[in-house]
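Below is one structure, written out as structure tokens; the observations come after it.
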Amino acid sequence: MSALLNIDNLHAGIDGKPILNGLSLSIRPGEVHAIMGPNGSGKSTLSYVLSGKDGYEVSGGDMMFEGQSLADMAPEERAIAGLFLAFQYPLEIPGVTNMTFLKTSLNAILRGRGEDEMDAASFLRLAREKSRALGMNDEMLKRQLNVGFSGGEKKRNEILQMVMLEPKLAILDETDSGLDIDALKTVAEGVNALRAPDRGMLVITHYQRLLDFIKPDVVHVMAAGRIVKSGGAELALELEKSGYAEYVGETVNA
């Protein structure tokens, strides 16, 4: 089976500072991969580079998504192709309601794929169905995007965006950050509901607790901007016990 995402010897950074230093990773359809690692290892940078966030520069290597180079695609083209990023710190957008943001995003992707846009009634039914499954009421859909939301509400909101857009590859950047156990379970249920044979997921986290609810097929340890160890779900348990001390001293090969 060919890879959904194939990263080969990726080098990238920001403001002239190298952060990713020869990172390689391959995700096949249907797989859930988890990346764990100490602060400063480049985990969030990887998610930003894949999504095309402004300011990050790729200086070497390849990022292929379904056989197409991500480096050749604008951020909106990556979204249309099926790539989704759930941010560690979701943005607040005053003046734009949740409902408007979701409908605009979904229809923009449908247009980009040459498909018919969703009419208002059909969209409303779908949004209510998906939001209730995540413990979100209609009032949250009417509120301004993430404005005044708690940390858990913001994360639920991002998972709602993900289940509405149904991406081919979902990247979750520390989605468990700031969540209590009930919110963590709700978010994980939303993520697990999207697991499918043709969809891949990349879960970035500091802690093993999220992986109690989202079972990964492969766990990677990241340090100094590259993958330094990979294994099964048991690797996350080992990291929970031993921490990252043995990886903090990892250096980039000359």
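The values are calculated or read from the model by the stated rules, or taken from the named source; none is laboratory data. As the structure is a prediction and not an experimental result, all values here were calculated from the model. When we count neighbours, we look across all protein chains shown, and the Cβ atoms used for this are built from the backbone with ideal geometry, even at glycine.
So, in region 71-81, how many residues would count as being in contact with a helix residue (DSSP H, G or I) (Cβ under 9 Å, 6 or more places away or on another chain) and either exposed (fewer than 14 other Cβ atoms within 10 Å of the Cβ) or closer than 25 Å to Ser177 by Cβ (or both)?
Of region 71-81, the ones in contact with a helix residue (DSSP H, G or I) (Cβ under 9 Å, 6 or more places away or on another chain) are 73, 75-81.
So of that shortlist, the ones also either exposed (fewer than 14 other Cβ atoms within 10 Å of the Cβ) or closer than 25 Å to Ser177 by Cβ (or both) come out as 75-76, 78-79.
Final tally of qualifying residues: 4.
Would you confirm whether any residue within region 82-89 is of a type in the set (Ser, Thr, Tyr) and at pLDDT 90 or above?
Taking region 82-89 and keeping what is of a type in the set (Ser, Thr, Tyr), we get 89.
Narrowing further to those that are at pLDDT 90 or above: none.
No - not one qualifying residue is present in region 82-89.
Answer yes if at least one residue in region 115-138 is part of a helix (DSSP H, G or I), loosely packed, with under 15 Cβ neighbours inside 10 Å and among the hydroxyl-bearing types (Ser, Thr, Tyr), and no otherwise.
Yes, region 115-138 has at least one match.
For Gln88, which of the numbered conditions (1) assigned to a loop (DSSP other than H, G, I, E, B); (2) in contact with a Gly (Cβ under 9 Å, 6 or more places away or on another chain); (3) crowded, with 17+ Cβ neighbours inside 10 Å fails to hold?
So Gln88 meets the others, but not (2).
Is it true that some residue in region 180-188 is at pLDDT 85 or above, within 26 Å of Ala81 (Cα to Cα), of a type in the set (Val, Ile, Thr) and touching a Leu at 6+ places or on another chain (Cβ under 7 Å)?
no
Can you pull out every residue in region 149-172 that is of a type in the set (Lys, Arg) and in contact with a strand residue (DSSP E or B) (Cβ under 9 Å, 6 or more places away or on another chain)?
Of region 149-172, the ones of a type in the set (Lys, Arg) are 154-156, 168.
Passing the criteria: Lys155, Lys168.
Find the residue count for region 13-39, including only residues that are among the small types (Gly, Ala, Ser) and within 18 Å of the chain's Cα centre (by Cα).
Residues that pass the stated criteria total 5.
Considering region 92-104 alone, what residues qualify as being surrounded by fewer than 15 Cβ atoms within 10 Å (Cβ to Cβ) and either at pLDDT 95 or above or in a helix (DSSP H, G or I) (or both)?
Our first condition is that a residue be surrounded by fewer than 15 Cβ atoms within 10 Å (Cβ to Cβ); within region 92-104, this holds for 92-96, 104.
Within region 92-104, just Thr104 meets the criteria.
Criterion first (closer than 29 Å to Ser131 by Cβ and surrounded by fewer than 22 Cβ atoms within 10 Å (Cβ to Cβ)) does Asp173 satisfy it?
Judged against the criteria, Asp173 is not a match.
Val219 - would you say it is within 30 Å of Gly135 (Cβ to Cβ) and at pLDDT 90 or above?
Criteria met by Val219.
If you check Asp138, Asp173, which single one turns out to be over 19 Å from Ala193 (Cβ atoms) and without any contact (Cβ under 8 Å) to a residue 12 or more places away in the chain?
Selected residue: Asp138, the only one of Asp138, Asp173 that is over 19 Å from Ala193 (Cβ atoms) and without any contact (Cβ under 8 Å) to a residue 12 or more places away in the chain.
Ala245 fails exactly one of the following numbered conditions: (1) out of contact with any Lys or Arg (no Cβ under 9 Å at 6 or more places or on another chain); (2) among the hydrophobic types (A, V, I, L, M, F, W, C); (3) in contact (Cβ under 8 Å) with a residue 12 or more places away in the chain. What is the number of that condition?
(3)
For region 132-168, give me each residue that is under 17 Å from the mean Cα position of the chain (by Cα) and either at pLDDT 85 or above or among the hydroxyl-bearing types (Ser, Thr, Tyr) (or both).
Asn157, Glu158, Ile159, Leu160, Gln161, Met162, Val163, Met164, Leu165, Glu166, Pro167, Lys168, listed by residue number.
Among (1) surrounded by 19 or more Cβ atoms within 10 Å (Cβ to Cβ); (2) not in a helix (DSSP H, G or I), there is one condition Leu141 misses while meeting the rest; what is its number?
Only one criterion is unmet by Leu141, namely (2).
How about region 207-218: which of its residues are surrounded by fewer than 24 Cβ atoms within 10 Å (Cβ to Cβ) and either of a type in the set (A, V, I, L, M, F, W, C) or under 22 Å from Pro29 (Cβ atoms) (or both)?
Within region 207-218, Leu211, Phe213, Ile214, Lys215, Pro216, Asp217, Val218 meet the criteria.
Being over 16 Å from Ala245 (Cβ atoms), under 16 Å from the mean Cα position of the chain (by Cα) and not β-branched (Val, Ile, Thr) is the filter here; which residues of region 202-212 pass it? Don't jump to the end; show me each part of the working.
To start, the set of residues in region 202-212 that are over 16 Å from Ala245 (Cβ atoms) comprises 202-205, 209-212.
Subset that is under 16 Å from the mean Cα position of the chain (by Cα): 202-205, 210-211.
Answer for region 202-212, where residues must be over 16 Å from Ala245 (Cβ atoms), under 16 Å from the mean Cα position of the chain (by Cα) and not β-branched (Val, Ile, Thr): Leu202, Leu210, Leu211.
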